[in-house]
Amino acid sequence: MANTVDARGLSCPQPVLMTLNEIKAGAVDEILIVVDNEASRENVCRAAASKGWIVAEVGEESGDYRIRIKKGD
């Protein structure tokens, strides 16, 4: 099961830092990040990819972006 990082209402760099902290914790192979603006969506995706994680899915629902990332091989 994926851990969830709820970063709605926060501006960068906070969503990125929260995502990187979850990646660093190393507890799971999949993380769901929820943000509420495009800049955070783009920055979280870029940060995850820089750490070797794969952006598996990005969806929008009611103004929120849901980003599902998976640990790379």
Return a whole-number percent for the relative contact order of region 3-71, with Cα pairs under 8 Å and 6 or more residues apart as the contact set.
34 percent
Of the listed values (1) 50, 26, 16; (2) 31, 21, 18; (3) 32, 27, 20, identify the label whose number matches Cα extents along the principal axes in Å calculated from this model.
(2)
Summed side-chain charge close to I23 - residues other than I23 whose Cβ falls under 14 Å, Lys, Arg +1, Asp, Glu -1
+3
HN-Hα couplings for region 56-73 via Karplus (6.51, -1.76, 1.60; θ = phi - 60°), in whole Hz with x for Gly/Pro, come out as 7, 7, 10, x, 10, 8, 6, x, 9, 9, 10, 10, 9, 10, 10, 5, x, 6
Mind listing the phi-derived Karplus ³J(HN,Hα) values for region 19-25, rounded to whole Hz, using 6.51, -1.76 and 1.60 with θ = phi - 60°, and x for any glycine or proline?
5, 5, 5, 5, 4, 5, 4
Given the DSSP H assignment, sum -39500 (n - 2.57) over each helix run of at least 4 residues in the chain and divide by its residue total; what's the result at 222 nm in deg cm²/dmol, nearest 500?
-10500 deg cm²/dmol
Explain nothing, just compute: Karplus ³J(HN,Hα) = 6.51 cos²θ - 1.76 cosθ + 1.60, θ = phi - 60°, for every residue of region 26-37 in order, whole Hz, x for Gly and Pro.
x, 7, 9, 9, 8, 9, 10, 10, 10, 10, 10, 8
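No lab work stands behind these numbers, since they all come straight from the coordinates. Here the structure is a predicted model, which is why all the values come from computation and not from measurement. Cβ sites come from the backbone with ideal geometry, for glycine too, and all protein chains shown count toward neighbours.
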